[in-house]
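**Q** My structure is below; once you've seen it, I'll send some questions.
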Amino acid sequence: MHMADALLAPAVAATMYVASGTAAGISISKLKKDDEASKLPVMAVTSALVFAGQMINYTIPGTGSSGHMCGGMLLSALLGPQAGFLSMIVILAIQCLFFADGGLMALGANCWNMAFYGCFVGYYLIWRPIMKSKWFGSDKNAQRLRIIAASIIGCVLTLQLGAFSVVLETSLSGITELPFGAFCALMQPIHLAIGLVEGLITAAVLVFVYQSRPELLQCVDPADGEGAKASLRSVVAILAAVALVVGGGLSLLASSNPDGLEWALFGNAEEGYAENMGLDEDDFGVQSSAADAAGSIQEKTSFLPDYAFPDSEAAVGTTVSGIVGSAIVAGVAVLICFAGGFFRKKQKNV
């Protein structure tokens, strides 16, 4: 769902920067009051895991499309909505600047579409109410079922909101090639399928955390389960290992089909599927000096464009991208926490 600069008029892109920036500022303000030291390593490793997870596009059968996880629900369930949102900004900014994934001018919109809904709407309207409810009963099995239900419902709903925002932002940008109704009719169903798969992935990770270290989950009382079965270091190490395996290895198995947004715009006629909106991939959307300037910056900063070595199709480029990108995301997340004074007020025995 990473938008390119050509899909946005500069005024719409600037508005989305303001919206995402405001949400980030509020998040920073709230996090300065947080004293849960254990969130620091969890923030680093889960941010790296989401970065790696976004590299794996999974095929949506019968469509010629693929999808990848966004990760907002996963991060907010573990870190809370504010830390989750800032983590997503780090991920999306690094993807944009170092891997040319998503436009720089469109970064504010991508943060809103892919992070705001999952972290804030998903947490406050889905995760927290379900986890505090009595759905399925009151034993530990019921808690697992609530985690699964919240993960799936949250991912489906928030991806639907994100997909609709993409349609709305392109319409407000005046891209005449994209009739609102037709574009919406393509974006919403394909992201429904993508959201279902992300929900299952999110549920699997969160159930593992619940069984290993339940106090790491937001709105979960550890007393409702069997207590911690693993140390914090062990859980962090396992999640870090998964991030490395996913980013450095499984990313090589990613589907080559276009993702939901690209599929809606350009179709996949080469593989025998529909052309959908039928746009020309080399000439579409809004042309502006702001987009040209943003593109020029990305050309200079992206040392592994499209998660590969420049001018090379060697598979090792993808492996290096996954490992290096995950490490950069984790490192930047830690640096931001230290610079902002987050999660450092109290030290706990772990």
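Each reported figure results from applying straightforward, stated rules to the coordinates on display, with no laboratory input. Values in this document were obtained by computation on a predicted structure and should not be read as measured data. So basically every Cβ, Gly included, is an ideal-geometry build from the backbone, and we count neighbours across all protein chains shown.
**Q** Let me spell out the model: positive unit charges on the Cβ of Lys and Arg, negative unit charges on the Cβ of Asp and Glu, origin at the Cα centre of the chain. What dipole size does that give, in debye rounded to 20?
**A** Dipole about the Cα centre, nearest 20: 2420 debye.
**Q** Sticking with this structure for a sec: Please identify, among Ser234, Ser251, Ser38, the residue showing maximal mean-square fluctuation in a Gaussian network model of the chain using a 10 angstrom Cα cutoff.
**A** Comparing Ser234, Ser251, Ser38 in a Gaussian network model of the chain, the most mobile one is Ser234.
**Q** Counting other Cβ atoms within 10 Å, keep those with at most 12, restrict to DSSP loop, and tell me which trypsin sites (Lys or Arg not before Pro) in the stretch 280-350 are left.
**A** Those satisfying the criteria are Lys345, Lys346, Lys348.
**Q** A follow-up question, please. Can you tell me which of Arg213, Arg128, Arg233 moves the most in a GNM of the chain? Springs connect C-alpha atoms under 10 Å apart.
**A** Looking only at Arg213, Arg128, Arg233, the largest GNM fluctuation is found for Arg233.
**Q** Mind listing the phi-derived Karplus ³J(HN,Hα) values for the stretch 78-85, rounded to whole Hz, using 6.51, -1.76 and 1.60 with θ = phi - 60°, and x for any glycine or proline?
**A** 8, 10, x, x, 5, 5, x, 5
**Q** With Cβ to Cβ distances under 13 Å as the rule, what net charge do the other residues near Ile56 carry (K, R +1; D, E -1)?
**A** Local charge sum for Ile56: -2.
**Q** With a 10 Å Cβ neighbour count serving as the proxy for reagent exposure, in which order, fewest first, do Thr202, Thr318, Thr170, Thr22 appear?
**A** So the ranking, lowest neighbour count to highest, is Thr22, Thr318, Thr170, Thr202.
**Q** Moving to a separate point now. Taking the beta-carbon count within 10 Å as an exposure proxy, list Phe116, Phe183 from fewest neighbours to most.
**A** Phe183, Phe116
**Q** In what sequence do Cys155, Cys337 fall when counting other Cβ within 10 Å, fewest first?
**A** Cys337, Cys155
**Q** Check Ile60: other-chain or 5+ apart residues with amide H under 5 Å from its amide H, H built from backbone geometry?
**A** Ser65, Ser66, Gly67
**Q** Can you give the FRET efficiency to the nearest 0.05 for Ala142 and Ala14, using r as the Cβ-Cβ distance and R₀ = 45 Å?
**A** With a Förster radius of 45 Å, E is 0.45.
**Q** A further question on this structure: For the chain, what number of Lys pairs, 8 or more residues apart or on separate chains, have alpha-carbon atoms under 19 Å from each other?
**A** Number of lysine pairs found: 16.
**Q** Within a Cβ distance under 14 Å of Leu304, other residues only, what is the Lys/Arg minus Asp/Glu net charge?
**A** -4
**Q** Another one. How charged is the neighbourhood of Ala9? Take every other residue with its Cβ under 15 Å from the Cβ of Ala9, and add Lys/Arg as +1 and Asp/Glu as -1.
**A** Spelling it out: positives minus negatives among the neighbours equals -4.
**Q** Okay, moving on. For the chain, what's the relative contact order in percent, using C-alpha pairs closer than 8 Å and at least 6 residues apart?
**A** Averaging sequence separation for qualifying contacts and normalising by length gives 31 percent for the chain.
**Q** Exactly which GluC sites (Glu not before Pro) in the stretch 277-350 are in a DSSP loop and have at most 12 other Cβ atoms within 10 Å?
**A** Answer in residue order: Glu281, Glu313.
**Q** Please report the relative contact order for the stretch 76-187, taking Cα pairs under 8 Å with a sequence separation of at least 6, and give it as a percent rounded to a whole number.
**A** Reported as a whole number, the value is 23 percent.
**Q** Are there any trypsin sites (Lys or Arg not before Pro) in the stretch 111-156 that are in a DSSP loop and have at most 16 other Cβ atoms within 10 Å? List them by number.
**A** Passing sites in the stretch 111-156 are Lys132, Lys134.
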